[in-house]
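To keep things clear, I will list the structure first and then write my remarks on it.
Computed from the coordinates by the stated procedures, all read-outs in this text should not be read as laboratory data. Remember, it's a predicted structure, so these values are computed and weren't measured experimentally. Heads up, the Cβs are rebuilt from the backbone with ideal geometry, glycines too, and the neighbour counts pull from every protein chain shown.
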Amino acid sequence: MTTQWKLATRAEKMNPSVLREILKVTERPGIISLAGGLPSPKTFPIQEFADACAEVLHKDGQAALQYAASEGYGPLRQAVADMLPWNVDPAQVLITTGSQQGLDLVAKVLLDPGSRVLVETPTYLGALQAFAPMEPVPQSVATDDEGVIVEDLIAKARGTAAGGFQDAARFVYLLPNFQNPTGRTMTEARRAAVSEAAAAAGLPIVEDNPYGELWFDEAPPLPLAARNPDGVIYLGSFSKVLAPGLRLGFLVAPKAIYPKLLQAKQAVDLHTPIFTQRMVSAVMKDNFLSRHVPTIRTLYKRQRDAMVAALRREMKGLDVQFNVPVGGMFLWARMPEGIDTVALLPKAVERNVAFVPGAPFYAGAGDPRTMRLSFVTANVDEIDTAIAALAATIREELAGLSERKLAPAST
Ligand SMILES: Cc1ncc(COP(=O)(O)O)c(C=O)c1O
């Protein structure tokens, strides 16, 4: 008899990442990809890592290659606590294998099948993926340019028979800084209102902030965690300020929930590679990040400016809307009526440019006209070429649409 692999219900809910599938197309030689969220490799401090690697091996080689504490490397937890703009006890810091692992741990600890989890419209696709195996019901909270709309958040936080759900939402997942995918930043006023309303409603917040340090002109307002540390699990990452290949992130959790997150982590991977933690700790000494991160900001700002200028130039006369993000890696654009960006993508790829369609980033029905454009991976010349190619693709698509409209109905 052939072996019968009976899948768990949660495995049935796992889907291949649309993003990863798209990235495969973009690996074709000659494609300029505005699709992936890949930090510019020019920003990776390779020499500093080489020096730190030698130092760790020579000074602490045995400890660096041994099993270690699940909570993380003490000096790194302290460095994380020192880095954050509110009073954080290092005992509340859990080092994670990327902030993506933080999302997995939060989901395991807080979600049952059928639990409601509130997310922004749209939200980070990788979070929806991390939550999915716990079989929750994600619900989108309405948003405007300033972030989530407080009235809708609070209406959805409570369980009401009228709303068709009995239980309170388990948490709301928020990305206040340079959000993935929209590049949007939550204003000071909205943060204050969200924080106050969530505290009054007893609604836990999971705040994801991998991009917060990548601001261009001024630092964003204080995180939600700084306003109500007991009501927020805060997720951070070294991916965007050092290198994503490290797979190094952290979370800061209220004391009431920390032990459960730690137990969940122990079951997943015992601990995050201690060698990497010690190496990053060595790289970060002498305030390295305060010298390094400004160089990333300068580079990304220049590329954001190039993309905005190219969009203004190339999309002239087309009803294409886009925002001007004040930090991070992404810009959000909305195409003219009739264009579906999923259908547009292969045509853009034929012209050697790739983007990510917006629809997969919505927990509910997506807006088919939207797309996410990354301005950090391609250089300025490539951005110019790519946006010109994208505009040509859109013009061709619009011409095709109006031809189809004019064509007599077939019998
Ligand atoms: C909003 C958001 N959260 C989490 C992650 C995961 O980051 P990490 O590399 O720290 O796992 C990403 C990665 O792009 C992201 O955009």
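Points worth noting:
- Phi-derived couplings, Karplus 6.51 cos²θ - 1.76 cosθ + 1.60 at θ = phi - 60°, listed residue by residue for segment 212-221: x, 7, 8, 8, 9, 10, 8, 5, x, x Hz, with x used for Gly and Pro.
- The chain: relative contact order as a whole-number percent, Cα under 8 Å and 6+ apart: 22 percent
- Here the 3J(HN,Hα) profile of segment 170-176, calculated from phi with Karplus coefficients 6.51, -1.76 and 1.60 at θ = phi - 60°, is 6, 6, 10, 9, 10, 10, x Hz, Gly and Pro shown as x.
- For the chain, a simple Cβ point-charge model (Lys and Arg +1, Asp and Glu -1, everything else neutral) yields a dipole of about 480 debye relative to the Cα centre.
- Antiparallel beta bridges, as assigned by DSSP with both residues in segment 124-236, represent about 30 percent of the total such bridges.
- Label-to-label distance, N228 versus M83, with points set 7 angstrom from Cα along the beta-carbon direction: 2.6 nm.
- Violating pairs (Cα-Cα greater than 21 angstrom) within the set K156/K255; K13/K108; K42/K301; K13/K260: K156/K255; K13/K260
- Three semi-axes of the equivalent ellipsoid, segment 263-410, Cα gyration tensor, whole Å, largest first: 39, 21, 12
- Residue range of the chain that is longest and free of trypsin sites (Lys or Arg not before Pro) which are both DSSP loop and sparsely packed (at most 10 other C-beta within 10 Å): 7-315
- Cα centre as origin, Lys/Arg/Asp/Glu Cβ charges: segment 281-409 dipole, Debye: 400 debye
- When DSSP beta bridges are restricted to pairs lying wholly in the chain, around 55% turn out antiparallel.
- Modelled FRET efficiency - R0 56 Å, Q266 with L318, Cβ distances, 0.05 increments: 0.60
- Highest-MSF residue in the chain out of S281, S290, S140 [GNM, Cα springs under 10 Å]: S290
- Stretched out straight at 0.36 nm per residue, the stretch from A69 to L7 would grow longer than its current Cα-Cα span by 19.0 nm.
- Pairwise label distance in nanometres, R404 with T295, each label 7 Å out on the Cα-Cβ vector: 4.9 nm
- Helix 341-350 and the long axis of the chain differ in direction by around 80°, with both axes built from C-alpha atoms.
- In a reduced charge model with +1 at each Lys and Arg Cβ and -1 at each Asp and Glu Cβ, segment 203-272 shows a dipole moment near 340 debye about its Cα centre.
- 3J(HN,Hα) from dihedral phi, segment 242-255, Karplus parametrisation 6.51/-1.76/1.60, rounded to Hz, x for glycine, proline: 10, 6, x, x, 5, 6, 10, x, 7, 10, 10, 10, x, 4
- Segment T385-N15, length gained on full extension (0.36 nm per residue, minus Cα span): 129.9 nm
- A cut-off under 14 angstrom between Cβ atoms defines the neighbours of T272, and their net charge, with Lys, Arg +1 and Asp, Glu -1, is +1.
- Gyration tensor (alpha-carbon) shape descriptor, segment 1-117, a/c threshold 1.5: oblate
- For segment 264-350, the extents of the C-alpha atoms along the principal axes are 53, 36, 24 Å, listed from largest to smallest.
- Cα pair count fraction exceeding 16 Å, expressed as % - segment 325-370: 44 percent
- Look at where the Cα atoms of segment 60-133 and of segment 158-225 average out, and the two centres are 17 Å apart.
- Dipole-positive endmost among V141, G126, F178 within segment 55-179 (Cβ charges, Cα centre): G126
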